[in-house]
Amino acid sequence: MTTPITDDALALQRLYHWEANAPDKVAFTQPMGGGVVRDYTWREVCDQARRMATHLQGLGVQPGDRVAIISKNTAHWMMSDFAIWLAGAVSVPLYPTLAPTTIAQILEHSGSKVLFVGKLDGWEHMKPGVPAGLPCISHPLSPDDAKKSYPQWDAIVAKAAPLQGHPVRGADDLSTIMYTSGTTGTPKGVMHTFGNFARAVYRGLERIPLNDRSRMLSYLPLSHVVERALVEHGQLATGMRVYFAESLDTFTQDLQRARPTVFFSVPRLWVKFQRGVLHKMPEKKLELFLKIPILSGIVRKKILTALGLDQCQFAAAGAAPMPVELLQWYSRIGLNIAEGYGMTENIGASHITLGDPADFGTVGTPYRDVECRIAPDTGEIQVRCPWTMTGYYKQPELTAETITPDGWLKTGDKGTIDAKNRLRITGRVKDLFKTSKGKYVAPAPIEDKLVMHAAIEACCVTGANLGQPLGLVMLSAEAAQQAATPAGKAELEASLAEHLKAVNATLDPHEQMDCLVVMTEAWTVDNDLITPTFKVKRNKIEDAFAAQYARWESAGKPVVWHTR
C-alpha cells in the first residue's frame with residue numbers, strides 16, 4: 001500500500017522549515033574563483049530566492065509559466081529554482097553542454113518566459129540558441145558576455161523586495177519539466193509534480209543515509225534527475241550541507257573541501273578515479289599491498305583520503321551500467337559502491353543495491369512502493385510506482401506509448417529478476433542486433449568488459465548483418481596523446497590487441513569481435529554521439545560509421561584506426 005505524502009514534506013514547505021528553524025546554518029558552500037569560497041546560510045538563500053521571485057512576477061511570470069535555467073551546478077542554480085517555485089512557475093533545467101539547436105528547441109517547445117544564464121563553458125557557441133527577445137538574467141558566475149548583455153542577479157536582489165508569506169505549491173502542482181532525449185530521439189519534456197519528488201526522495205532516504213549532518217558535493221548536472229532528486233530535494237528533506245565543484249582542474253580540492261559523506265558518480269568517472277590511483281601505484285603493487293594485513297588498512301585509508309572519500313558512508317553509481325570488475329576493485333580498496341537504477345520518467349528511483357558485494361552485477365531490489373515486472377514477449381523491464389511522471393509535455397501520444405493504461409512505465413531496458421527479487425540489466429530492447437550468421441548479440445555485457453582497458457574512454461559494440469561484431473572504441477585523452485607518436489601508437493595497438501583477445505576468450509563464438517576500431521576523434525555532446533551523462537548514442541554511432549563497417553571487418557587486423 002502506498003503511503004500518502006503530507007504537505008509538510010513538499011519542497012517549498014521544506015524550504016520554509018529551514019528558513020524558520022535553521023536560518024544561520026550553512027546550506028551551500030560555493031567556490032567563487034581565484035581561491036575565494038562563499039558560504040550561504042538558509043537565511044541568505046531564502047532571502048535571495050524571495051527577492052528574485054518578486055522580480056520574476058514583476059516580469060509578468062504567471063502561475064504555471066515556465067522559466068528555464070542553463071548553468072553548471074552552483075548555489076545560484078538552486079536559488080533560481082526556489083525563486084521559480086516561489087513565483088508559482090515551473091522550472092525547465094537545460095544541460096550546460098547542449099548544442100544551440102537543442103537549446104532553441106527546448107526553450108521554444110517549453111514556452112519558457114525567462115532564462116537564467118549561469119556558469120558555463122562555451123557560452124559564445126550556445127548563445128545563438130536563445131530566442132531573440134527572451135528575457136534573461138545572469139548569475140554571478142556567468143560568462144562576462146552574459147553579465148554585460150543581461151540584468152545581473154546581485155543587482156536585481158539588491159533592489160527587489162522579498163516575496164512575503166508562504167505561498168503553497170500542492171503535491172499535484174507541476175514542479176518541473178525535465179527534457180531528456182535518452183540515447184535516442186529528440187528531447188522529450190518529462191513532467192514531475194512536487195508530490196512526485198517528495199514520494200521518491202522519502203522512499204530513497206529509507207536506503208540512503210542522508211541527514212542534517214551529511215555533506216554532498218554537487219557536480220553532476222542538476223539538470224539530471226538523480227542529482228536533482230538526491231542533492232536538491234535530498235537537501236530540502238534533510239537540511240544537509242551542499243558543496244559545489246569549481247572545475248575539473250580543481251575537482252580534487254573540491255572533494256577534499258567537501259569530504260562528502262554520500263557521493264554519487266556515473267561509471268565513467270569512477271573509472272577515471274581508478275585510473276588516477278593506478279597511475280600513481282601500479283595494479284600489481286597495489287594488489288600485493290592489499291594482501292598484507294596491517295599494510296592493507298593503511299593503503300586503503302591513504303587511497304580514500306587522497307580521493308576525498310575517507311568519510312564517505314555511502315557511495316553510489318548510476319545512469320549507466322557499472323562493470324562488476326570495477327565494483328570489485330573498489331570493494332578491495334574499502335569502498336563498496338551501491339548501484340542504482342531508474343529513469344528521468346520515474347525520478348531515477350526504481351531500484352538500488354546497498355553496496356553488498358553479493359549484489360554486484362544487479363541493481364538490487366525495488367524501493368518500497370515500486371513494482372517491477374519483465375514483459376514476457378520482449379523481456380522488457382516495466383516499472384510502476386507513485387512517482388512516475390504525469391506525462392511528456394505536449395506529447396500525449398508519446399506518453400501513451402510509454403505508460404500503459406494501468407500505469408506501468410516501459411523502460412526500454414531488458415532484464416531479469418532473480419529469486420531474491422534483484423533486478424539485473426542485460427541491455428536495451430532495441431540494442432540487440434543479429435549477425436549475418438543469424439545469431440543475436442547483446443552488446444552491453446561486452447562493452448562492460450571492453451571499457452575496463454585503461455586507454456578506452458567509451459565504446460560501442462555493433463555489427464548488424466556482419467559476420468562478427470566490431471568494437472568501436474574512443475580513446476581517453478591520455479591514450480590519444482600516446483597515440484600521437486609512432487612508438488606510442490604501436491605500444492597502444494599491441495595492448496589493445498591483447499585486450500581484444502582476452503575479452504573474446506570470455507565470449508561465445510558468435511559474440512567474439514573481429515577487431516577493435518579506434519576512434520581518434522572524441523565522441524562528445526556537441527557532435528551528438530553521447531548524452532550529457534556520457535551514455536553512447538548507439539543510433540548516432542550507426543548513422544556516422546555504419547558505411548565503413550564492412551571495410552573494417554575485411555581489414556584482417558585486430559586493431560584498426562579510424563581517421564577522418
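Things to note:
Residue by residue, here is whether (1) touching a Lys or Arg at 6+ places or on another chain (Cβ under 9 Å); (2) in a loop (DSSP other than H, G, I, E, B); (3) in contact (Cβ under 8 Å) with a residue 60 or more places away in the chain holds:
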site: K127; (1), (2), (3): no, no, no
site: A161; (1), (2), (3): yes, yes, yes
site: H166; (1), (2), (3): no, yes, yes
site: R169; (1), (2), (3): no, yes, yes
site: T176; (1), (2), (3): yes, no, yes
site: T186; (1), (2), (3): no, yes, yes
site: M191; (1), (2), (3): no, no, yes
site: A198; (1), (2), (3): yes, no, yes
site: Y202; (1), (2), (3): no, no, yes
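- Among the residues making up segment 160-171, a single one is of a type outside the set (G, A, S) and exposed (fewer than 11 other Cβ atoms within 10 Å of the Cβ): Q164.
- Residue pairs meeting the criteria (Cβ under 6 Å; at least 6 apart or on separate chains; first under 21 Å from A315 (Cβ atoms), in segment 273-302; second assigned to a helix (DSSP H, G or I) and polar (S, T, N, Q)): L290/S296
- Evaluation of G234 against the conditions (1) closer than 25 Å to I456 by Cα; (2) part of a helix (DSSP H, G or I); (3) under 18 Å from the mean Cα position of the chain (by Cα); (4) not aromatic (F, W, Y) shows that the sole unmet condition is (1).
- Among residues of segment 439-459, those that are over 18 Å from A483 (Cα atoms), among the charged types (D, E, K, R) and under 20 Å from the mean Cα position of the chain (by Cα), counted: 2
- Here A358 does not fit the description of being at pLDDT 90 or above, surrounded by 20 or more Cβ atoms within 10 Å (Cβ to Cβ), not charged (D, E, K, R) and not in a loop (DSSP other than H, G, I, E, B).
- Applying the criterion of being part of a helix (DSSP H, G or I) and in contact (Cβ under 8 Å) with a residue 12 or more places away in the chain to the residues of segment 252-268, the residue that is surrounded by the fewest Cβ atoms within 10 Å (Cβ to Cβ) is T252.
- Some residue of segment 552-563 being in contact (Cβ under 8 Å) with a residue 40 or more places away in the chain and more than 20 Å from A497 (Cβ to Cβ): no
- Only listed residue being surrounded by fewer than 16 Cβ atoms within 10 Å (Cβ to Cβ), within 27 Å of H279 (Cβ to Cβ) and in contact (Cβ under 8 Å) with a residue 24 or more places away in the chain, chosen from A484, A497, A490: A497
- Within the set G471, G467, the sole residue that is within 21 Å of Y440 (Cβ to Cβ), in contact with a helix residue (DSSP H, G or I) (Cβ under 9 Å, 6 or more places away or on another chain), of a type in the set (G, A, S) and buried (at least 16 other Cβ atoms within 10 Å of the Cβ) turns out to be G471.
- Checking each residue of segment 286-299 against the condition of being in a loop (DSSP other than H, G, I, E, B), crowded, with 20+ Cβ neighbours inside 10 Å and not charged (D, E, K, R) gives no match.
- Among the helices (runs of 4 or more DSSP H) confined to segment 460-564, the ones with at least 1 residues that are within 29 Å of the chain's Cα centre (by Cα) and more than 23 Å from A319 (Cβ to Cβ) are located at 477-482, 486-504, 538-545.
- Filter pass, A161 being under 22 Å from C46 (Cβ atoms) and of a type outside the set (S, T, N, Q): yes
- Residue within segment 45-66 that is touching a Ser or Thr at 6+ places or on another chain (Cβ under 6 Å) and under 17 Å from R169 (Cβ atoms) present: yes
- Subset of segment 413-451 [part of a loop (DSSP other than H, G, I, E, B), surrounded by fewer than 18 Cβ atoms within 10 Å (Cβ to Cβ) and of a type in the set (A, V, I, L, M)]: A419, V429, L432, A442
- Some residue of segment 286-298 being at pLDDT below 90 and of a type in the set (D, E): yes
- Residue within segment 212-227 that is crowded, with 19+ Cβ neighbours inside 10 Å, touching a residue at least 40 places away in the same chain (Cβ under 8 Å) and charged (D, E, K, R) present: yes
- For E371, the conditions (1) on the phi > 0 side of the Ramachandran plot; (2) modelled with pLDDT of 95 or more are fulfilled apart from (1).
The values are calculated or read from the model by the stated rules, or taken from the named source; none is laboratory data. Fair warning: this is a prediction, and the values are worked out from it, not measured in the lab. Quick reminder, even Gly has a Cβ in these numbers, built from the backbone with ideal geometry, and neighbours come from all protein chains shown.
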